[in-house]
Amino acid sequence: MTRLRSIAFGLGIAAFLPSAVLAGGATCSVNDGIWQAGHSGTQSALNAAVNTMAATVATQSQMTNEQLISAVRLATRQRSAASAREAAFGKSSAQGVAQVYAAQQAAERIAEAHRTYGPQGQAVGSCDIIERLQQTDVALTTLGSRASEIMNSGALYSAPGSTVETGEAIAAALRYDTPEAVSAEAFLSPDTPDAIKDAFMNNVIGFPPVKPQSITGPGDRLTMMTARRAEAVRSPAIVSLAAVRAAREEGGHFDDASGMSADEALSWLISRYGGGDEYEEWSAALVTKSEVGLAKEIARLRAIALGLENSLSGSNDRREAVIAALLGAEAVR
């Protein structure tokens, strides 16, 4: 019933309208001019609003696209700038590491060169120590040749092969008839003149054996053989006596002395390396040396030890020669 009433009400309203407005059409059947003017204005306003909205949407869409493009460009630029900064930072870091490594290597090489070639890499002692060691070497190595020079100087009339006669030897001995000529203390003193030392050696050795002026027969030959035998027996003792004298004179030769005797050289070595006055200074300097410096010092000490062993060997050889000569002389009695 209610539905029928609604349909009737709708038909009643439609009766008053001259014609129906079709949905979706632009034509209106209403003949009222005011209504049509309002309808046309509303339609124009709606169209204008729709067009404005479409233009606004298009403009906003274009702006959005441009903003998106700009944002993408900005993001790209930021990413490129960040990458460039990262690359620059990486490059700077690599350069810094390389510089630090190069500086460290240079510093290590400089330190190594200083330890090897600087004061730490050198043996203990400056130039004066090297000069003293050179003088020590000359004094020890030239001991035998200096003793030979003393024997062959011509001042020893009892030296082997001497042609000085007994009368000349007596006259020479009388020229130095002084207490120093028979004093071992004066003989061992480096300040005693060479002439007094020669006189002491002549007094110790004795007069030369008698030799014939010429060999004309068996008797002269026997006399010469006896003289040669006496010279041979005396010779080792004379060499040892000359070596003892040379050890307390300046090393080297008469015209090229080193300024240090063998006895002074041994005393200096003991003082420096055996606990003397210079030992504390030397041992304290060892603490400042590197491995290279210590190796050089060890090599120096070994060289000194070899030199001392060589000198001791020469002394032992002379002692054995004296004993052998005495045994030989006793054996033929």
Checklist entry - Counting each DSSP H run of 4 or more residues in the chain as -39500 (n - 2.57), what helix-only mean residue ellipticity at 222 nm follows after dividing by all residues, to the nearest 500 deg cm²/dmol? => result -25500 deg cm²/dmol
Checklist outcome for this item: Measuring from its Cα centre, the chain shows a charge dipole (+1 at each Lys and Arg Cβ, -1 at each Asp and Glu Cβ) which, in debye to the nearest 20, is 3060 debye
Checklist entry - Rg(Cα) of region 108-223 divided by 2.2 N^0.38 Å? => result 1.88
Checklist entry - Amide H to amide H, which residues 5 or more places from Thr192 or on other chains are under 5 Å from it, using H placed in the peptide plane? => result none
Checklist entry - Residues of region 220-300: accessible area per residue at 1.4 Å, in Å²? => result 54 Å²
Checklist entry - Under a plain spin-label model, where a point goes 7 Å from the Cα along Cα-to-Cβ, how far apart in nm are Asn203 and Val72? => result 12.6 nm
Checklist outcome for this item: Once Arg229 and Arg109 are pulled to full extension, the length gained, defined as 0.36 nm per residue separation minus their Cα-Cα distance, is 36.2 nm
Next on the checklist: Once neighbouring chains are kept in place and the probe is 1.4 Å, which whole percent of the accessible area of the chain is contributed by carbon and sulfur?
Outcome noted: 60 percent
Checklist entry - What is the extension gain from Ser83 to Glu185, computed as 0.36 nm multiplied by their sequence separation minus the C-alpha to C-alpha distance, in nm to one decimal? => result 27.1 nm
Checklist outcome for this item: So Ser145 and Ser313, fully extended at 0.36 nm per residue minus their Cα-Cα distance, gain in nm 59.0 nm
Item to check | Per-q log10 I(q)/I(0), the chain, q = 0.07, 0.10 Å⁻¹ (Debye; single scatterer per alpha-carbon; no solvent) | outcome: -0.63, -0.87
Checklist entry - In whole Å, what is the distance between the alpha-carbon centres of region 255-333 and region 107-151? => result 14 Å
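The values are calculated or read from the model by the stated rules, or taken from the named source; none is laboratory data. If you're wondering where the values come from, they're calculated on a predicted model, not measured in any experiment. With ideal geometry, Cβ positions are generated from the backbone for all residues, glycine too; neighbour counts draw on all protein chains shown. Note: accessible area is taken over every heavy atom of the protein model, side chains too, but ligands, DNA and RNA are not part of it. Shrake-Rupley method; radii C 1.70, N 1.55, O 1.52, S 1.80 Å.
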